[in-house]
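Engineer: One structure is given below, represented as structure tokens, and several questions about it will come after.
The values are calculated or read from the model by the stated rules, or taken from the named source; none is laboratory data. Predicted model, so just to flag it, every value in this text is computed and none were measured. Cβ: placed from backbone, ideal geometry, glycine included. Neighbour counts: every protein chain shown.
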Amino acid sequence: MKLQKLFTILFVAIAAITLHSCNSDSDDSTVQVANIVTFKGNSDGQSVFTYQEMNDAPAVTIRSNQTLDDTKVKIGDRVYIVFNAKYGSEITNNTVVELLQAIAVPTINTVVENRPADWETSTALYVQALFRSGSWLNLQALVPSSTTEMTFRLLADPQTINSSDVQLYLVYTNKASDYGESNAPTFASFNIADVWGLSSCTQITVNVVNSNFSTGSQFVFKK
């Protein structure tokens, strides 16, 4: 993937992972890139990630110029990162990037379970994007600013689990007593490997109680 010049960078109201090195200033020869990646550990003063673009783009290993605080993130965790890379270059195996920000992302496994009876009237998300990268679904949404009691779940309808179109339900709950007066951007990453890998599955349909009507309440991903 050749890097283009302009990306939207969102700053998330979740505790950031401590970086163990100073950031250097960027210049016109670099581009800022944001993505949700899988943390593979620290090695030789670098943090190592599996990086994958949307859909079935090949996964590659990238390395940063600094390490992450491994008391806050474990190997296999999903992490939202922002980094500088050379403008016009390609991200290939063992590309070294200048890490600017790293934020732990909730990593949720898909479970086969009926949706709650009150799901349709549950708290809505303002979904900005829901995209697939390999066997991961990645969510970018606005939520009430009080996020300490926030949880996500992804449920696979047992009646459709062996059909060609598996119905998934994204369940969001926030038990905070005071939501605050503003919304904050957040991310979550859902492991759909067990469903996506079913031989009978040709597509999945993700159902969301979504207050952003421009993106809709259903997201269809075809094989």
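Engineer: Take the conditions within 27 Å of residue 215 (Cβ to Cβ) and of a type in the set (A, V, I, L, M, F, W, C) and apply them to residue 75. Does it pass?
Structural biologist: Against the criterion (within 27 Å of residue 215 (Cβ to Cβ) and of a type in the set (A, V, I, L, M, F, W, C)), residue 75 does not qualify.
Engineer: Shifting gears a bit: Does residue 48 satisfy the criteria of being modelled with pLDDT of 95 or more and out of contact with any Pro (no Cβ under 9 Å at 6 or more places or on another chain)?
Structural biologist: So residue 48 passes the test.
Engineer: In the stretch 175-199, which residue that is polar (S, T, N, Q) and loosely packed, with under 11 Cβ neighbours inside 10 Å is modelled with the highest pLDDT?
Structural biologist: In this case the residue turns out to be 199.
Residues checked against (1) β-branched (Val, Ile, Thr); (2) modelled with pLDDT of 95 or more; (3) more than 26 Å from residue 31 (Cβ to Cβ):
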site	(1), (2), (3)
53	no, no, no
64	no, no, no
73	yes, no, no
102	no, no, no
122	no, no, yes
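Engineer: Give the residue, chosen from 114, 35, 42, 65, that is in contact with an Asp or Glu (Cβ under 8 Å, 6 or more places away or on another chain) and either β-branched (Val, Ile, Thr) or closer than 23 Å to residue 185 by Cβ (or both).
Structural biologist: Answer to the selection: 35.
Engineer: Then there is this: Kindly provide the set of residues from the stretch 29-42 that are surrounded by fewer than 18 Cβ atoms within 10 Å (Cβ to Cβ) and either at positive phi or modelled with pLDDT of 95 or more (or both), ordered by number.
Structural biologist: 40, 41, listed by residue number.
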